[in-house]
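Just so you know, all these numbers are worked out from the coordinates, no wet-lab data involved. All of these numbers come straight from a predicted model, not from anything done at the bench. Quick reminder, even Gly has a Cβ in these numbers, built from the backbone with ideal geometry, and neighbours come from all protein chains shown.
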Amino acid sequence: MTSARTFESIVIIFNPNSTGDAPRLAERLCRQLEDSLTYDVDITLQPTSHAGHAVELARDAARGAGHVLVVSVSGDGGYNEVVNGVMQAGNPRAVCAVLGAGNANDHRRTTRTRPLDEAIAEGRVRSIDLLRVHTGRGRDSTAEYAHSYVGFGLTPVMAMDLEKGSKGALKEIASVMRTFSRHQPFEIRNADGKHRKFDSLVLANITEMAKYATLSEADDNLADGRFEVISFPHMAKWRVLLLAIRAATRGLGEQPSVKSYSFTTLEPLPYQLDGEVKFVDAEVPVRIECAPAALPTLG
């Protein structure tokens, strides 16, 4: 369900040192909104100054009870910070949006309905599901949100290797192949006590990732209260490579969907939360659950 919305304030958050031309895009969006909006609204450009700053800026912008729009001019990782900041603020009338300015922009590419400035002027807000990630037990459990996917195994390892290397299609492919050749599987303990070994495990709210891969044949319903589980059990590397090629060319086909997925780590594990790589220690319970219609958004 959608509803027309006007905003009391619009905060545009961007990284001034972005490789994706975020400062220019942020300033252009600001000018477009000043020209197109027919009501009085305070529009603020907010550059970030350090890692994690977007969380703080988004939380401060959304705090309170007013109708505020927080726009991230960024890739998936920058938008992840903004979404988490808005969720921490606890304002149900705060709305998030993203203008792609990163390397992959998976979320914007797969959820885009129209140009962002037009969507803001129209004010049609819709709510989509988020993935809520818990790591730890009881009071020690931390909760973070992902707007698109959580990946273990190949996904974060390749992301870290790409971050170290140079950008560009051929260099990215070379980096991925180098990482793939060295990659080792990881093992987890499921809730039933059984151990399982994977090359890759992705819990996804979108159907595409990494610019090229089609994960599933889901109906693109981002508010159905479920997410897809895309798993590669440990197998010969040539078989993993064939699956990766299939994902990049014709997609992986229908995948199981669930409301939650739980396991315990057996060793320290990196994981990718949208575009951000994080780590979880050994012997830590991990629970990923759907947060139904948790994020008001537009665009």
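A few points about this structure:
- In terms of packing, defined here as the mean over residues of other Cβ atoms within 10 angstrom, the peptides 109-122, 184-197 line up highest first as 109-122, 184-197.
- Segment 63-149: C-alpha gyration tensor shape, a/c 1.5 cut-off, then a/b vs b/c: oblate
- Taken along the Cα-to-beta-carbon direction at a fixed 7 Å, the label points for Arg5 and Asp42 span 1.8 nm.
- One decimal place: the segment Arg63-His234 gains 57.1 nm when fully extended, by the rule 0.36 nm per residue minus the C-alpha distance.
- Near Leu99, the amide H atoms lying under 5 Å from its own belong to Ser72, Val73, Ser74; only residues 5 or more places off or on other chains count, and H is placed 1.01 Å from N.
- Scalar couplings 3J(HN,Hα) for segment 62-73, obtained by applying the Karplus form with A = 6.51, B = -1.76, C = 1.60 to θ = phi - 60°, are 8, 5, x, 10, x, 7, 10, 10, 10, 9, 9, 9 Hz; x denotes Gly and Pro.
- Note on segment 3-122: with charges restricted to the Cβ of Lys and Arg (+1) and Asp and Glu (-1), its dipole about the Cα centre is near 280 debye.
- In this calculation the C-beta distance from Ala51 to Asp192 is compared with R0 = 30 Å, giving a FRET efficiency of 0.20.
- Cα gyration tensor shape for segment 3-122, rounded if a/c is under 1.5, else prolate or oblate: rounded
- Long-range amide H partners of Ala294 with built H, under 5 Å: Ile128, Asp129, Leu130
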